[in-house]
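Below is one structure, written out as structure tokens; comments come after it.
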Amino acid sequence: MKSYLRKILPQSIILWSHKFRAILAALIYRFPAKNIRVIMVTGTNGKTTTCHMIAEILKAANYKVAMATTIDFEIDNRHWKNLSKMTTVSPFALQKFIREAVKGGCHWLVLETTSHAIAQHRIWGIKPKIAVLTNITHDHLDYHKTYEEYRQIKAKIFQEAETSII
């Protein structure tokens, strides 16, 4: 059904439905990202490794850390595999995860963030304190069409961040 709808509906309608879901998720979970400092890591390659390095640095500085990456999730010292096959999970799963991190007393959330997640509004309602860019190569042009569009999508998280690391 999903693939059929993608074929017949304009991209603007599909993106609107993604944004609606993200807004609804943020409302249901009461915007938990407002209660935690967020570091978003984006780039074509190296996001997961960078997230893990940042999380370890923060933990060494005695902060409670939550982390969501392609391969795993962490809230404080509780770890589990990411079985979703998605780097940035659905807005409902993400907002629920952040709510649990806040309830767990985490100071920081390190969030691996894909260009698809940015374009599809999965991170709507989550303002990064720090945005990190690892690199940009010519991948994902099947989705973004042009390299310039790909760069512009990635740039969106830097517009809201207090600090940018490139």
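The values are calculated or read from the model by the stated rules, or taken from the named source; none is laboratory data. Remember, it's a predicted structure, so these values are computed and weren't measured experimentally. Note: ideal-geometry Cβ built from the backbone for every residue, glycine included; neighbour counts use all protein chains shown. Side chains are part of the model used for accessible areas, which takes the heavy atoms of the whole protein and leaves out ligands, DNA and RNA. Shrake-Rupley method; radii C 1.70, N 1.55, O 1.52, S 1.80 Å.
Can you pull out every residue in segment 54-76 that is among the small types (Gly, Ala, Ser) and in contact with a Gly (Cβ under 9 Å, 6 or more places away or on another chain)?
To start, the set of residues in segment 54-76 that are among the small types (Gly, Ala, Ser) comprises 55, 60-61, 66, 68.
Correct list: 66 only.
Does segment 51-74 include one or more residues that are open to solvent by 10 Å² or more (accessible area, probe 1.4 Å), touching a strand residue (DSSP E or B) at 6+ places or on another chain (Cβ under 9 Å), closer than 20 Å to residue 166 by Cα and modelled with pLDDT under 95? Don't jump to the end; show me each part of the working.
Kept after step one, since they are open to solvent by 10 Å² or more (accessible area, probe 1.4 Å), are these residues of segment 51-74: 52-54, 56-64, 70-73.
With the extra rule that they be touching a strand residue (DSSP E or B) at 6+ places or on another chain (Cβ under 9 Å), the set shrinks to 52, 54, 56, 58-59, 63-64, 70-73.
Pick out the ones that are also closer than 20 Å to residue 166 by Cα and you get 52, 54, 56, 58.
Remaining after also requiring modelled with pLDDT under 95: none.
No, segment 51-74 contains no residue that is open to solvent by 10 Å² or more (accessible area, probe 1.4 Å), touching a strand residue (DSSP E or B) at 6+ places or on another chain (Cβ under 9 Å), closer than 20 Å to residue 166 by Cα and modelled with pLDDT under 95.
Any idea which of (1) farther than 24 Å from residue 164 by Cα; (2) assigned to a helix (DSSP H, G or I); (3) within 14 Å of the chain's Cα centre (by Cα) is the one residue 27 doesn't satisfy?
For residue 27, the exception is condition (3).
State the number of residues belonging to segment 28-51 that are over 11 Å from residue 125 (Cβ atoms) and in contact with a Gly (Cβ under 8 Å, 6 or more places away or on another chain).
So the answer is 1.
If the Cβ limit is 8 Å and pairs must be 6+ apart or interchain, which residue in segment 112-137 that is among the hydroxyl-bearing types (Ser, Thr, Tyr) pairs with which residue that is surrounded by fewer than 18 Cβ atoms within 10 Å (Cβ to Cβ) and assigned to a loop (DSSP other than H, G, I, E, B)?
Between residues of segment 112-137 that are among the hydroxyl-bearing types (Ser, Thr, Tyr) and residues that are surrounded by fewer than 18 Cβ atoms within 10 Å (Cβ to Cβ) and assigned to a loop (DSSP other than H, G, I, E, B), the close pairs are 134/44; 134/45; 134/46; 137/44; 137/45.
Assess whether residue 101 counts as being at pLDDT 95 or above, under 20 Å from residue 124 (Cα atoms) and surrounded by 18 or more Cβ atoms within 10 Å (Cβ to Cβ).
On the way: at pLDDT 95 or above: yes; under 20 Å from residue 124 (Cα atoms): yes; surrounded by 18 or more Cβ atoms within 10 Å (Cβ to Cβ): yes.
Against the criterion (at pLDDT 95 or above, under 20 Å from residue 124 (Cα atoms) and surrounded by 18 or more Cβ atoms within 10 Å (Cβ to Cβ)), residue 101 qualifies.
Considering only residues that are touching a residue at least 12 places away in the same chain (Cβ under 8 Å), closer than 23 Å to residue 135 by Cβ and not β-branched (Val, Ile, Thr), which ones fall in segment 46-85?
Correct list: 46, 47, 51, 52, 55, 58, 67, 68, 82.
Assuming residue 77 fulfils every condition listed in (1) at pLDDT below 95; (2) open to solvent by less than 70 Å² (accessible area, probe 1.4 Å) apart from one, which condition is it?
Exception for residue 77: condition (2).
Restricting to segment 30-74, what's the tally of residues that are among the aliphatic types (A, V, I, L, M) and not in a helix (DSSP H, G or I)? Don't jump to the end; show me each part of the working.
Quick first cut of segment 30-74, residues among the aliphatic types (A, V, I, L, M) only: 33, 36, 38-41, 53-55, 57-58, 60-61, 65-68, 71.
Those still in the list that are not in a helix (DSSP H, G or I) too: 36, 38-41, 61, 65-68, 71.
So the answer is 11.
Of the numbered conditions (1) over 25 Å from residue 153 (Cβ atoms); (2) of a type outside the set (D, E, K, R); (3) out of contact with any strand residue (DSSP E or B) (no Cβ under 6 Å at 6 or more places or on another chain), residue 29 satisfies every one except a single condition; which is it?
Residue 29 satisfies all of (1) over 25 Å from residue 153 (Cβ atoms); (2) of a type outside the set (D, E, K, R); (3) out of contact with any strand residue (DSSP E or B) (no Cβ under 6 Å at 6 or more places or on another chain) except (1).
Take segment 11-41 and flag every residue that is open to solvent by less than 30 Å² (accessible area, probe 1.4 Å) and modelled with pLDDT of 95 or more. Write out each step before concluding.
As a first pass, look at segment 11-41 and keep what is open to solvent by less than 30 Å² (accessible area, probe 1.4 Å): 14, 22, 25-26, 32-33, 36, 38-41.
Those that are open to solvent by less than 30 Å² (accessible area, probe 1.4 Å) and modelled with pLDDT of 95 or more: 22, 25, 26, 32, 33, 36, 38, 39, 40, 41.
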